[in-house]
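**Q** Below is a structure I'd like to ask you about.
The values are calculated or read from the model by the stated rules, or taken from the named source; none is laboratory data. Everything numeric in this text was worked out from a predicted model, so none of it was measured. Here Cβ is always computed from backbone atoms with ideal geometry, including for glycine, and neighbour counts include all displayed protein chains.
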Amino acid sequence: MSAMKTTNVEVRLPSRMGFEKVAMSTAASVAKLMGFRDDRIEDLKTAVAEACINAIEHGNRLNEKLSVGVVLSAGEDSLEVKVIDDGTGMKKQPAKPDIDRKMHGEEDARGMGMFLIQALVDEAEWVAGSDGKSSYVRLVIRLDKDA
Amino acid sequence: MQTETKSHVDQVTSPAGHPVTVLRFEGDIASTSKDAVLGVYQALPKATNKLILLDFTKVDYINSSGIALVIQLLIEASNSGQKVYAYGLSAHFVKVFTMVGITKYAGLFPSQAEALAAL
């Protein structure tokens with residue numbers, strides 16, 4: 001069995017809101033080169049943007065001395081994206097957002113990023129670094145899922 | 001780095017004769033868009049603006065913070081007895097708005113003409 005060839009692309013972002021769009025555009029370019037459909041590329045763009053926003057805002061706490069690493073690994077039939085920050089990672093997954101609770105003021109209107117990530121990609125996992133930093137979220141989308 | 005959100009308000013009338021306030025957005029809708037989204041909405045007199053139509057035709061990027069601003073607008077509108085509709089979202093953001101449940105509180109339409117025809 002031959003080893004599967006993987007191509008890596010890496011981007012480092014300043015921990016400043018708005019720069020998630022650089023990672024979003026890079027991920028979209030890689031996915032397009034791999035042959036993903038436009039609708040899947042849109043899903044990926046939102047998932048990558050939300051992962052970077054979480055890393056900038058919560059992981060690195062908007063500290064511009066820290067950067068967010070984005071590593072895209074293009075395999076034969078899937079694209080993996082790791083978004084790495086210097087935070088301690090999540091203690092627990094937030095509850096699925098509930099629009100009725102939000103509308104009635106029982107739940108913060110915010111807090112949808114992780115839900116969107118999980119809903120828009122094929123795999124999503126949050127990994128806390130063993131040394132208490134360098135946590136990452138790992139996203140995977142697969143080619144031809146619905147073809 | 002984020003594209004500034006621009007917004008302006010138009011007053012139109014639906015084919016059925018109802019006055020409709022259209023909030024037209026342009027640029028990104030993100031955490032920096034509070035004034036352009038909520039501020040512009042909050043400046044409208046509640047008593048005379050009962051039908052609100054959000055125009056996303058010129059919006060390319062909406063993140064979860066931007067969606068939260070839309071939800072805050074929906075909450076205020078609901079509390080004020082206003083009805084909110086939206087049009088001009090890409091297929092992707094129609095999907096995202098549906099996933100987070102916004103469609104339960106704001107009807108989505110492909111175009112202004114289709115939205116107004118339904119009001």
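**Q** Please determine whether any residue of segment A:77-97 is without any contact (Cβ under 8 Å) to a residue 40 or more places away in the chain, assigned to a loop (DSSP other than H, G, I, E, B) and within 11 Å of chain B (Cβ to nearest Cβ).
**A** Yes: segment A:77-97 contains one or more residues that are without any contact (Cβ under 8 Å) to a residue 40 or more places away in the chain, assigned to a loop (DSSP other than H, G, I, E, B) and within 11 Å of chain B (Cβ to nearest Cβ).
**Q** Restricting to segment A:48-76, name every residue that is under 24 Å from A:A28 (Cα atoms), hydrophobic (A, V, I, L, M, F, W, C) and within 14 Å of another protein chain (Cβ to nearest Cβ).
**A** Listed by number, the residues that qualify are A:V48, A:A49, A:A51, A:C52, A:I53, A:A55, A:I56, A:V68.
**Q** Continuing with this model, one more query. Restricting to segment B:1-29, give me the number of residues that are among the aliphatic types (A, V, I, L, M), at pLDDT 95 or above and either in contact with a Lys or Arg (Cβ under 8 Å, 6 or more places away or on another chain) or crowded, with 20+ Cβ neighbours inside 10 Å (or both).
**A** Looking only at that region, the number is 4.
**Q** Filter segment B:83-102 for residues that are over 14 Å from the mean Cα position of the chain (by Cα) and assigned to a helix (DSSP H, G or I); which is farthest from the other protein chains (Cβ to nearest Cβ)?
**A** Across segment B:83-102, the extreme among qualifying residues is B:T98.
**Q** Is it the case that some residue within segment B:71-92 is among the basic types (K, R), touching a His at 6+ places or on another chain (Cβ under 8 Å) and modelled with pLDDT of 95 or more?
**A** For segment B:71-92, residues among the basic types (K, R), touching a His at 6+ places or on another chain (Cβ under 8 Å) and modelled with pLDDT of 95 or more: absent.
**Q** Those residues that are among the small types (G, A, S) and assigned to a helix (DSSP H, G or I), I need them from segment B:64-82; list them, please.
**A** B:S64, B:S65, B:G66, B:A68, B:A77, B:S78
**Q** While we're on this one: Report, by residue number, each residue of segment B:56-69 that is under 12 Å from B:V37 (Cβ atoms) and more than 9 Å from chain A (Cβ to nearest Cβ).
**A** Across segment B:56-69, the qualifying residues are B:F56, B:V59, B:G66.
Results for (1) away from every other protein chain (no Cβ under 14 Å); (2) touching a Lys or Arg at 6+ places or on another chain (Cβ under 6 Å); (3) surrounded by fewer than 20 Cβ atoms within 10 Å (Cβ to Cβ); (4) at positive phi, shown as yes or no for each residue.
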position	(1), (2), (3), (4)
A:K5	yes, no, yes, no
A:S15	no, no, no, no
A:K21	no, no, no, no
A:M24	no, yes, no, no
A:A28	no, yes, yes, no
A:D38	no, no, yes, no
A:K45	no, no, no, no
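**Q** Out of curiosity, is A:I41 modelled with pLDDT of 95 or more, out of contact with any strand residue (DSSP E or B) (no Cβ under 8 Å at 6 or more places or on another chain) and of a type in the set (V, I, T)?
**A** Answer is yes for this residue.
**Q** Also, quick follow-up: Are any residues in segment A:98-146 touching a residue at least 40 places away in the same chain (Cβ under 8 Å) and small (G, A, S), and if so, which ones?
**A** A:G113, A:A124, A:A128, A:G129, A:G132, A:S134, A:S135
**Q** Another question about this same structure. Quick one: how many residues across segment B:25-39 are of a type outside the set (D, E), away from chain A (no Cβ under 14 Å) and under 18 Å from B:E76 (Cα atoms)?
**A** 2
**Q** A further question follows. Report, by residue number, each residue of segment B:72-81 that is under 12 Å from the mean Cα position of the chain (by Cα) and either surrounded by 22 or more Cβ atoms within 10 Å (Cβ to Cβ) or more than 9 Å from chain A (Cβ to nearest Cβ) (or both).
**A** The answer is B:L73, B:L74, B:A77.
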